[in-house]
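Participant: Structure below; questions to follow.
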Amino acid sequence: MDLARVLAADLRDLAVDLSANAYTRQTLAMLQLSLYRQVPSALGAVITLTDRDVPGCPIGINLLVQPVEPHEIAAALLIPLDVVEPPCNGNVVFYATTPTAFAELAPALAAALDVDPGSFNHQPDLPHTSVVPGITGLMDFSAVNRAVGVLVNRGRSLTAARTELQRRADKSQTDLPTAAQTLLNSPL
């Protein structure tokens with residue numbers, strides 16, 4: 001069995017789920033299993049999702065069996081999700097304990113996905129702190145969307161609400177989630 005093709009199919013399944021603004025535990029579990037079958041020294045994967053409409057609020061899905069310390073990572077491979085059909089915003093980074101863990105996988109995966117192997121980053125920035133299993137960023141993403149909803153409810157268009165929230169963040173020299181939370185905490 002060509003495990004690179006299986007992993008490519010799992011990445012495509014993930015892209016289909018994400019293009020529908022959803023994902024399933026089954027899809028994530030299959031991606032994780034395929035990675036471990038293909039790369040025995042794999043530590044796991046970190047999926048970072050971004051939304052053009054909510055900049056600065058990435059959602060992270062850390063597919064790890066246990067926490068990973070930065071010194072444990074000897075190899076990494078970043079795959080931008082915009083090269084997978086259907087394209088979506090974000091990336092997947094695979095981590096492993098063996099320095100050459102992705103040497104054979106990267107070209108095989110690129111061929112299975114029918115993409116240029118040069119679109120993969122073999123030396124992405126590595127984490128400086130522990131990476132723990134789980135999902136991050138949902139609270140910030142939710143706060144921004146709720147704040148936009150409050151502004152729409154006050155009569156602004158969706159575009160005007162997003163612009164207003166960004167203006168508030170810029171004016172207070174803070175990030176979008178903090179500006180959103182400030183708006184949500186303020187009296188009407």
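The values are calculated or read from the model by the stated rules, or taken from the named source; none is laboratory data. Treat the numbers as computed from the prediction; the structure is a model and nothing was measured. Cβ atoms come from the backbone with ideal geometry, glycine included; neighbour counts cover every protein chain shown.
Participant: Out of everything in the stretch 116-137 that is surrounded by 13 or more Cβ atoms within 10 Å (Cβ to Cβ) and part of a helix (DSSP H, G or I), what residue ends up being modelled with the highest pLDDT?
Facilitator: Out of the qualifying residues, it is 119.
Participant: Tell me, which residue of the stretch 20-35 that is surrounded by fewer than 16 Cβ atoms within 10 Å (Cβ to Cβ) and at pLDDT 85 or above is farthest from residue 105 (Cα to Cα)? Before the answer, list the steps.
Facilitator: Applying the first criterion (surrounded by fewer than 16 Cβ atoms within 10 Å (Cβ to Cβ)) to the stretch 20-35 yields 20-22, 24-26, 29, 33.
The next check asks that each one be at pLDDT 85 or above; those that pass are 29, 33.
Numbers: 29: 19, 33: 15 Å.
Looking at the filtered set, the residue picked out is 29.
Participant: Residues of the stretch 144-188 being more than 23 Å from the chain's Cα centre (by Cα), β-branched (Val, Ile, Thr) and within 15 Å of residue 55 (Cα to Cα), which ones?
Facilitator: Those that are more than 23 Å from the chain's Cα centre (by Cα), β-branched (Val, Ile, Thr) and within 15 Å of residue 55 (Cα to Cα): 159, 163.
Participant: Return yes or no: is residue 47 touching a strand residue (DSSP E or B) at 6+ places or on another chain (Cβ under 7 Å), among the β-branched types (Val, Ile, Thr), at pLDDT 95 or above and crowded, with 16+ Cβ neighbours inside 10 Å?
Facilitator: Working: touching a strand residue (DSSP E or B) at 6+ places or on another chain (Cβ under 7 Å): yes; among the β-branched types (Val, Ile, Thr): yes; at pLDDT 95 or above: no; crowded, with 16+ Cβ neighbours inside 10 Å: yes.
No.
Residue-wise test of (1) out of contact with any Leu (no Cβ under 8 Å at 6 or more places or on another chain); (2) surrounded by fewer than 20 Cβ atoms within 10 Å (Cβ to Cβ).
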| residue | (1), (2) |
| --- | --- |
| 18 | no, no |
| 66 | yes, yes |
| 70 | no, yes |
| 77 | no, no |
| 99 | yes, yes |
| 103 | yes, yes |
| 110 | yes, yes |
| 114 | yes, yes |
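Participant: Something else about it: Which members of the stretch 87-109 meet the condition of being hydrophobic (A, V, I, L, M, F, W, C) and touching a strand residue (DSSP E or B) at 6+ places or on another chain (Cβ under 9 Å)?
Facilitator: Selection gives 88, 92, 93, 94, 96, 101, 102, 103, 105, 106, 109.
Participant: What's the number of the only condition in (1) buried (at least 16 other Cβ atoms within 10 Å of the Cβ); (2) assigned by TED's automatic domain parsing to the domain that holds residue 9; (3) in contact (Cβ under 8 Å) with a residue 24 or more places away in the chain; (4) part of a helix (DSSP H, G or I) that residue 151 fails to meet?
Facilitator: Among (1) buried (at least 16 other Cβ atoms within 10 Å of the Cβ); (2) assigned by TED's automatic domain parsing to the domain that holds residue 9; (3) in contact (Cβ under 8 Å) with a residue 24 or more places away in the chain; (4) part of a helix (DSSP H, G or I), the lone unmet condition for residue 151 is (2).
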